[in-house]
Amino acid sequence: MVGVFEVGAVPFNPDGWGPPDSTTATAPSTTTATAPSTTTTLPLHVPFAPFSRSEKLGRIADFTRSFANANPSNRPSSGKPGAASSESPFDFSLDLDTFPLANPEDDSSFRLVDAKPPTRPKFGPKWRFNQHRPQLPQRRDEEVEARKREAEKERARRDRLYNLNRSNQNQQRREAAIFKSSVDIQPEWNMLDQIPFSTFSKLSFSVPEPEDLLLCGALEYYDRSFDRITPKNERRLERFKNRNFFKVTTTDDPVIRRLANEDKATVFATDTILATLMCAPRSVYSWDIVIQRVGNKLFFDKRDGSQLDLLSVHETSQEPLPEAKDDINSAYSLSVEAAYINQNFSQQVLVRDGNKVSFDEPNPFANEGDEVASVAYRYRRWKLDNDMYLIARCEVQSVVEVNNQKSFLTLNALNEFDPKYSGVDWRQKLETQRGAVLATELKNNANKLAKWTAQSILASADLMKLGYVSRVHPRDHFNHVILGVVGYKPRDFAAQINLNTANMWGIVKSIVDLCMKLNEGKYVLVKDPSKPQVRIYEVPADAFENDYVEEPLPEEEQVQPPAEDTEAGEPNGTTNDVEAKETETQT
C-alpha cells in the first residue's frame, strides 16, 4: 500500500504575508503562575535568516507598502541607471526592524543586475569616443557637405569644358566652316584610286642613311641668348621685310632639274611635300600635291599659291574657329599669320653680325645683290629600291658650334592667338608648366608639329628649336612677342609625339610605287575634305597653269581683301603672265 503524503499544519498569519513569527502558548493554569512558553512554527533545523547578508533570500517584494516620503534616512541617491529608487518595492532600507543589526549602508549597495550582454556599438571605437561629444558629428557632417559641394563644382566645370570642346553642334559648325577641298575638283578629272588612312598605319619601310649631293646657300649662327627668354623678360618680334624667302616647287628648282638630267635619281620632291605625305594620317584640312610622270621619272610638285606654303593653326583641335575668312581668328588668317611669324622668328634668333657659314653654291633662287634669309638647302638622296632613288631638297635655317663642331638647326615658332581657344595662357603656364603647354599644342597642332619634326629628320638637323610667340593683345594680329625658345633632338621628339620613321617612309614608298604604275601624264593627290582618305585624279596636262600666283606673296597682302577697282585686274593678270614666262625662261 502506497504511503500517504501528510501535509503539515499551515499556520494562518492575519498580520501579513508568510508564516507568523511565533505563537505564544499558555500552559494550563495551576495554583502557581507559570511563564508563557513560546513555540515557533518554522521548520526545525531550517534557519530562516540567510547565512550571508549579501543574499537577500528572506526578502520578498512588498507591493502593499506605501512610500509617500521615502528615504527618511536622507541617504543620497546614487543617480546611476542601475540603482534602485527609494520608492521602489525592492528597496529594503526601511526594514530596520527586521534586521536591526543590519548596516543601512549595506542595503544601498544592492542593485538589480541585468543578465543580458551589453549592446555593441554600431560604429566602433569612434562612436564610443564621440558619443559624449555631440558637436563633432555635426562638424564632420559640415566638412563632408563642403567637400561634396566642391566636388560638384569641379564636376560641373569639367562638364562645361567637355561640352564646349566635344559638342556635336560645334563640331558640325567647324566642319562646315573650314572642311573644304583645297582644290576645285573639275568634272573632267578622272579619279583613279582612293586610299583610306587606315591602310597607312600598317605600312613600314626602312631606308639606309642618305647621302648629300649638294649644299647651297649660307647660314648665320644661332643666338644662344634667346634660350634664356621667359615670359617675364619677353622680346618683341621684329619684322624682316627686306629679306627674301623662297618657296620654290620641285620642277622649278634649277638644281633638281640639273640632277634629273644627270639621272641621279628617279623620284624628286621637297622636304615640305615629303613631310606632308609622311604625316598625312594626322592631317585634317584638305591639301593637294601635283604628280608629274615624265618618262621613267616622278616629280612631286605643289601648286602655285598652295596651302602647303602656309602653316595650319588649330588643325587638330576640337575648338571651332570663326567662319568668316576676314576674321583675324579664322583658319586662313591664322595660317597666314603663322607663316609670317615663322619667317620672322627664324631670322630674329640669329647673330646678325655678317658672319656666315657658306657652302658649295650660293642660294639658287636669289639674284645678285638681294638680301637673302639665312637658309641652306641640302640636296639628299635616299635609296628606295635597287634601281630607284629619291632626291629631296631639305632646308636648315641656322648653325651652332658645339665642341668645335658645327651643328645644323631648324627654327620654327608656335603662335598663341587667344588663350580662350586653347584653354592655356602661355604667359602664366609657360615658365612653370611648360609640359602642359606643349601637350596642349600637340593636341591642337599635331599635324604641324609632326611635319616640322619630319623635315628636321629629313635634313638630318642636330637640333630643332621651337619658339613660343604670342600676340601682344588677343585682338592685335600684327604685333607679337617671343615668350620662350626650347630645343629638342628631332628623333627624340619624334619618339615623344609617337612619330615612327619606318611608317613615314612606308607611306612614301607605297605612294611612289602606286604612281610608278601610272602612265605618263599629270595627276593630283587630294586629301578628302571630310574623310580620312586621299584620292588620285588624272588631270589635263595644262591644269593649274592658268591660275598662276606670284610667289612668295607678302603675308600682309594675303590677309587684305581684293581691291575694289575691277579695272586693275587685267593689268595684274598680264603682269603675272609676263613674270611667269620670265621665270620659265630663266629656269
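The values are calculated or read from the model by the stated rules, or taken from the named source; none is laboratory data. This one's a predicted model, so the numbers in the text were calculated from it and none came from an experiment. Neighbour counts run over all protein chains shown; Cβ positions are idealised from the backbone, glycine included. Note: areas computed on protein heavy atoms with side chains; ligands, DNA, RNA excluded. Shrake-Rupley method; radii C 1.70, N 1.55, O 1.52, S 1.80 Å.
For segment 398-529, compute the orientation-averaged projected area of the C-alpha convex hull (one quarter of its surface), in nm².
11.8 nm²
Mind checking the log10 I(q)/I(0) for segment 190-539 at q = 0.07, 0.09, 0.13 Å⁻¹? Debye, one equal scatterer per Cα, no solvent, two decimals.
-0.29, -0.49, -1.06
Wrap a convex hull around the Cα atoms of segment 343-454, take a quarter of its surface area, and give that in square nanometres.
Result: 11.4 nm².
Compute the separation of the alpha-carbon centres of segment 358-378 and segment 452-521 and state it in Å as a whole number.
One Cα centre to the other: 23 Å.
What order do you get for 181-194, 477-490, 207-220, 390-403 when each peptide is scored by the mean count of other beta carbon atoms within 10 Å, highest first?
390-403, 477-490, 207-220, 181-194
Rank these by accessible area, largest first, 1.4 Å probe: Asp327, Asp159. Before the final figure, lay out the partial values.
Numbers: Asp327 45, Asp159 80 Å².
Of Asp327, Asp159, the descending order of accessible area is Asp159, Asp327.
Which whole-Hz ³J(HN,Hα) couplings does segment 227-232 yield from phi under the Karplus relation 6.51 cos²θ - 1.76 cosθ + 1.60, θ = phi - 60°, glycine and proline marked x?
In residue order, the calculated couplings are 5, 9, 6, 10, x, 7 Hz.
Compute the accessible area per residue over segment 190-539, keeping the other protein chains in place, probe 1.4 Å, unit Å².
In whole numbers, segment 190-539 has 41 Å² accessible per residue.
Pull up all non-local amide H partners of Thr270: gap of 5 or more, or a different chain, and H-to-H distance under 5 Å with H placed in the peptide plane.
Close amide H contacts, sequence-distant or interchain: Arg393.
Kindly list the residues of segment 432-470 that lie in the label zone of Lys489, defined by a backbone N under 15 Å from the point 7 Å along the Cα-to-C-beta vector.
Label zone hits: 457, 460-465.
³J(HN,Hα) across segment 308-322 via Karplus (A = 6.51, B = -1.76, C = 1.60, θ = phi - 60°), whole Hz, x for Gly/Pro?
5, 6, 9, 10, 6, 10, 6, 5, 9, 8, 8, 7, x, 9, x
Mind checking the dipole of segment 280-339: about its Cα centre, +1 per Lys or Arg Cβ, -1 per Asp or Glu Cβ, Debye to the nearest 20?
520 debye
Mind listing the phi-derived Karplus ³J(HN,Hα) values for segment 434-449, rounded to whole Hz, using 6.51, -1.76 and 1.60 with θ = phi - 60°, and x for any glycine or proline?
Taking θ as phi minus 60°, the curve returns 5, x, 5, 5, 5, 4, 5, 5, 5, 6, 8, 10, 4, 5, 5, 5 Hz for segment 434-449.
Taking 0.36 nm per residue of sequence separation and subtracting the Cα-Cα distance, how much length would be gained by fully extending the chain between Arg475 and Val207, in nm to one decimal?
91.8 nm
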